[in-house]
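These notes concern the structure reproduced below.
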Amino acid sequence: MSKKTILVIHTLAVRRNWMIDATVQQQVDEVTRWHTKERGWKAIAYAQIIAQNGTKAGGRDLDGDGDFYEEIGAHAKGFNVEGIGIALTGGLGGKATDKFRDHYTQAQRFALWDTIYEIRKRFGDLEIIGHNEVSAKACPCFNVQEFLAEGDPRTKPITAPAAAAGAGVAVLGAGIAAAPEWWPVAALVAVAVIAIIVIRKVRT
Ligand SMILES: [Zn+2]
């Protein structure tokens, strides 16, 4: 078992609806066929594939023990011994500067976070990067550091209604704060209007 210190995120570079009706295991089998039959590798390059519907399946398992994360992969040159390679279904024709949502689903976002938690639990606080951070490639077609900084949306409180209420309070607060500046003028105008009415009534 090799010591894993880095998680490398990849794109599968396929259409979003590629094998959409197949199971993620069937997707893994198809990628395995590409990598073994067509490229002549020993096995699929990646430790795991995450499908558009958020389901995932293990990839390379040369010793057949069901432990995918320990394997030495074939996904990122110079990082295969210490790196774990995960690939997301989708990403065809993408650019390094694209956003996660341009190619992947919210279900994949959640699934990727779950994988990160699982891998961190086992290997500690390892480094997480996109393939494009160590190679002149678009892969995985989004900025992984940005993705990490955004955090897991499920662990954040729903902020939209609270923010709206906060904005309302802020507007009210601003009104109250502004009041001392305009209320003497308003009071003066009110007194003047009342005085005119009273004077007219007295005259008539
Ligand atoms: Zn890659």
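Restricting attention to helices (runs of 4 or more DSSP H) lying wholly within the range 96-155, give those where 3 or more residues are more than 16 Å from the ligand (Cβ to nearest atom). So that I can check it myself, show each step before the final result.
Values: elements: 100-103, 106-123, 144-150.
So the answer is 106-123, 144-150.
Go through (1) within 24 Å of L148 (Cβ to Cβ); (2) surrounded by fewer than 18 Cβ atoms within 10 Å (Cβ to Cβ); (3) at pLDDT 95 or above for A13 and report which single condition fails.
(2)
On the given criteria, is F68 in a loop (DSSP other than H, G, I, E, B) and either modelled with pLDDT of 90 or more or surrounded by fewer than 17 Cβ atoms within 10 Å (Cβ to Cβ) (or both)?
Yes: the conditions hold for F68.
From the list G130, G151, G91, G78, which one is at pLDDT below 95 and either among the aliphatic types (A, V, I, L, M) or in the same structural domain as W41 (by TED's automatic domain parsing) (or both)?
Going through G130, G151, G91, G78 in turn, just one is at pLDDT below 95 and either among the aliphatic types (A, V, I, L, M) or in the same structural domain as W41 (by TED's automatic domain parsing) (or both): G78.
Could you please give the count of residues in the range 11-58 that are in contact with a Gly (Cβ under 8 Å, 6 or more places away or on another chain) and part of a loop (DSSP other than H, G, I, E, B)?
Result for the range 11-58: 11.
Within the range 80-92, which residues are in contact (Cβ under 8 Å) with a residue 24 or more places away in the chain and surrounded by fewer than 19 Cβ atoms within 10 Å (Cβ to Cβ)?
Within the range 80-92, V81, E82, L92 meet the criteria.
The values are calculated or read from the model by the stated rules, or taken from the named source; none is laboratory data. Everything quoted here is computed from the prediction, not taken from an experiment. Cβ atoms come from the backbone with ideal geometry, glycine included; neighbour counts cover every protein chain shown.
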